[in-house]
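The values are calculated or read from the model by the stated rules, or taken from the named source; none is laboratory data. Here the structure is a predicted model, which is why all the values come from computation and not from measurement. When we count neighbours, we look across all protein chains shown, and the Cβ atoms used for this are built from the backbone with ideal geometry, even at glycine. These accessible areas exclude ligands, DNA and RNA; they are computed on the full protein's heavy atoms, side chains included. Shrake-Rupley method; radii C 1.70, N 1.55, O 1.52, S 1.80 Å.
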Amino acid sequence: RDCSSDVCSSDLVGCVWWGCEAEHLLFKRIMRKRKIYIGFGKCRVAEYFDVTQCFGCCKFGHKQADCRNKQIICSHCARLEHKKDVCNLMDIPPKCINCGGNHDATERECKARQTAINMVVRRTDYRI
């Protein structure tokens, strides 16, 4: 499926997402054109940022293996000592441990996640 069409931008089923890194001058050229050719196919290019989230404490910027917090926090109910897969409060609305919102702590639209991503963007050195 051609992911450069307008149809695909509203319906992403069938599109393939790849990640890569590029030297800063090449990155600048690619981002100016917003497309690359792979074989005989034209691929749309977009900048993508995300942030690592700990599966232990649900905070951003580290993995569970590197977590300094010794207590597990549920990503659904924000309570201590259990994970979501064994949470017995799944019938109540979720509560985010990061922003206090009514959603799971792993929700991609979380304000705290967006703030953490914005910090990553600000720290990115494009050398341009």
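Work out the length of the dipole vector of region 50-124 about its Cα centre, built from +1 on the beta-carbon of each Lys and Arg and -1 on the beta-carbon of each Asp and Glu, and round it to the nearest 20 debye.
Result for region 50-124 is approximately 340 debye, rounded to the nearest 20.
Across the chain, how many lysine pairs, 8 or more apart or on two chains, come within less than 22 Å at their alpha-carbon atoms?
Lysine pair count for the chain: 19.
Please compute the net charge surrounding N69, taking Lys and Arg as +1 and Asp and Glu as -1 over other residues with Cβ under 15 Å from its Cβ. Please list the in-between numbers first.
Working: positive: K59, K63, R68, K70, R79, K83; negative: D66, E81.
Once all neighbours under 15 Å are counted, the net charge is +4.
Mind checking the angle between helix 24-33 and the chain's longest principal axis? C-alpha axes, 0 to 90 degrees, to the nearest 10.
Relative to the chain, helix 24-33 is tipped by roughly 80 degrees.
Once the Cβ-Cβ distance between K33 and N118 is put in as r, and R0 is 22 Å, what FRET efficiency do you end up with, to the nearest 0.05?
For K33 and N118, the calculated efficiency is 0.30.
With loop defined by DSSP as not H, G, I, E or B, and exposure as at most 12 other Cβ atoms within 10 Å, which is the longest segment of the chain clear of exposed chymotrypsin sites (Phe, Trp or Tyr not before Pro)?
On the way: sites that count: W17, W18, F40, Y48, F49, Y126.
Segment 50-125 is the longest.
Which order do the peptides 93-105, 110-122 come out in when sorted by mean C-beta neighbours inside 10 angstrom, highest first?
93-105, 110-122
Quick check: the angle from helix 111-123's long axis to the longest principal axis of the chain, C-alpha only, nearest 10 degrees?
50 degrees
Quick check for you: with a 1.4 Å probe and neighbouring chains kept, what is the accessible area per residue of region 12-128, in Å²?
Per residue, region 12-128 has 77 Å² of solvent-accessible surface.
Classify region 12-80 from the C-alpha gyration tensor, please: rounded if a/c falls under 1.5, else prolate or oblate depending on whether a/b exceeds b/c.
prolate
So what's the chain giving for Cα Rg divided by 2.2 N^0.38 Å, two decimals? Could the numbers behind the result be given before it?
Values: Rg = 18.9 Å, N = 128, 2.2 N^0.38 = 13.9 Å.
Rg over 2.2 N^0.38 Å, computed on Cα atoms: 1.36.
When only DSSP loop residues count, what GluC sites (Glu not before Pro) in region 50-128 have their Cβ near at most 13 other Cβ atoms within 10 Å?
E81, E109
Using a 1.4 angstrom probe on heavy atoms only, work out the carbon and sulfur share of the accessible area of the chain in %.
Numbers: 5340 of 9820 Å².
Carbon and sulfur together cover 54 percent of it.
Percent relative contact order of the chain, based on C-alpha pairs within less than 8 angstrom and at least six residues apart?
Relative contact order comes out at 16 percent.
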